[in-house]
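The values are calculated or read from the model by the stated rules, or taken from the named source; none is laboratory data. The structure presented is a predicted model; accordingly, all values stated were derived computationally and were not measured. Here the Cβ positions follow ideal geometry from the backbone for every residue, glycine too, while neighbour counts run over all protein chains shown. Just the protein is used for accessible areas: all its heavy atoms, side chains included, with ligands, DNA and RNA removed. Shrake-Rupley method; radii C 1.70, N 1.55, O 1.52, S 1.80 Å.
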Amino acid sequence: MSLITLKSRREIGLMRAAGHVVAGAHAVAREMLVPGVTTQEIDNAVEEFFRKEKVTSLFKGFPGQVPYPAVTCISINEQIVHGIPGGRRLEEGDIVSLDTACRKDRWCGDSAWTYAIGEVSAEKQKLMEVGEQSLALTIEALKTEKRWSDVAQRMMDLVKQAGFSLVDQFVGHGIGQEMHEPPQVPNFFSKKTRADDFEIQPGLVLAIEPMINAGTKNVRILADHWTAVTTDGRPSVHFEHTVAITSNGPEILTAGVGDPNFVYSP
Ligand code: MG
Ligand code: MG
């Protein structure tokens, strides 16, 4: 496995500032999440916010079969991740996973959250609760566990107990001056998780991002080359924070994402 770079206290401070802008972007998007809005309108608002804050989008132009065209990924219902914003209008009962990331002063922040549009079904509600719990439990586990695989195991146990499945086609990642750095951070447990294990130690900064499906874990990519959907059409959620391990324990660098009372201060 390639080398993991540990971040200094000063560097983590710069990443906290980047993470704060990501939380600000979520606050901008969150206000707009009502029936009738198009996902393009949300993306435009986040792009404008990034411009105003003089930060760089890490998504726009991201290499793939076609370069990623937007500053957010907006994935609705059975869409898991990498949904491309466009003319689709949100409807009452939708769940919407919004993922965005930026670079500020050479350091990166990355966070995703799933939001409900009005009243959603009981299944979607439970899926959102379990998704949020799985991310919170993981951050809590980082206080005591020594190896990532043990953290992942606890995440897996929670999700299985709820009767849902964890997507294993995508992983979380180390993050620093690049959005994707070593190590790979599987948001699930498998034999490979044990084989590719890494130590939880101060200076490690991770983007932890469980994706949880109501039904099968299996994934299909749409013809746009990006949007990942569940093969059974059942809903999916995605919760991600950028988290630093410090000598005082884990710190969420994208704090405020998912908090309705969060206020962005430039
Ligand atoms: Mg992300
Ligand atoms: Mg990420």
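Points to keep in mind about this one:
- Pick from region 199-218, criterion away from ligand 2 (no atom under 16 Å from the Cβ) and either open to solvent by 10 Å² or more (accessible area, probe 1.4 Å) or at pLDDT below 95 (or both), ranking: nearest to I139 (Cα to Cα): I200
- Summed over region 249-260, residues that are away from ligand 1 (no atom under 16 Å from the Cβ), at negative phi and modelled with pLDDT of 95 or more total 3.
- Residue count for region 140-154, restricted to those that are in a helix (DSSP H, G or I) and either open to solvent by 50 Å² or more (accessible area, probe 1.4 Å) or hydrophobic (A, V, I, L, M, F, W, C) (or both): 7
- Filtered residues of region 155-188 (kept if more than 28 Å from P63 (Cα to Cα), touching a helix residue (DSSP H, G or I) at 6+ places or on another chain (Cβ under 8 Å) and in a loop (DSSP other than H, G, I, E, B)): A162, F164
This table checks each residue for (1) assigned to a helix (DSSP H, G or I); (2) within 14 Å of ligand 1 (Cβ to nearest atom); (3) not polar (S, T, N, Q).
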residue: S97; (1), (2), (3): no, yes, no
residue: G118; (1), (2), (3): no, no, yes
residue: K126; (1), (2), (3): yes, no, yes
residue: E129; (1), (2), (3): yes, no, yes
residue: T138; (1), (2), (3): yes, no, no
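Matching residues to (1) within 16 Å of ligand 2 (Cβ to nearest atom); (2) under 25 Å from G24 (Cβ atoms):
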site	(1), (2)
H173	yes, yes
P183	yes, no
S190	no, no
P235	no, no
T242	yes, yes
V257	yes, yes
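- Residue pairs meeting the criteria (Cβ under 9 Å; at least 6 apart or on separate chains; first closer than 22 Å to L158 by Cβ and more than 16 Å from ligand 2 (Cβ to nearest atom), in region 104-129; second polar (S, T, N, Q) and assigned to a helix (DSSP H, G or I)): A116/Q125
- Candidates are the residues of region 220-243 that are among the hydrophobic types (A, V, I, L, M, F, W, C) and more than 16 Å from ligand 1 (Cβ to nearest atom); the one that is surrounded by the fewest Cβ atoms within 10 Å (Cβ to Cβ) is A223.
- The set of residues in region 18-58 being closer than 26 Å to F198 by Cβ and either surrounded by fewer than 17 Cβ atoms within 10 Å (Cβ to Cβ) or among the acidic types (D, E) (or both) is empty.
- Scanning region 68-89 for residues that are more than 15 Å from ligand 1 (Cβ to nearest atom) and either of a type outside the set (A, V, I, L, M) or crowded, with 23+ Cβ neighbours inside 10 Å (or both) yields P69, N77, E78, G86, G87, R88, R89.
- Criterion applied to F189, F170 was being away from ligand 1 (no atom under 16 Å from the Cβ), of a type in the set (F, W, Y) and surrounded by fewer than 23 Cβ atoms within 10 Å (Cβ to Cβ), and the one residue passing it is F189.
- Scanning region 63-75 for residues that are assigned to a loop (DSSP other than H, G, I, E, B) and within 17 Å of A112 (Cα to Cα) gives Y68, A70, V71.
- Output for region 99-116, where each listed residue is within 13 Å of ligand 1 (Cβ to nearest atom) and among the hydrophobic types (A, V, I, L, M, F, W, C): A101, C102, C108, A112, W113
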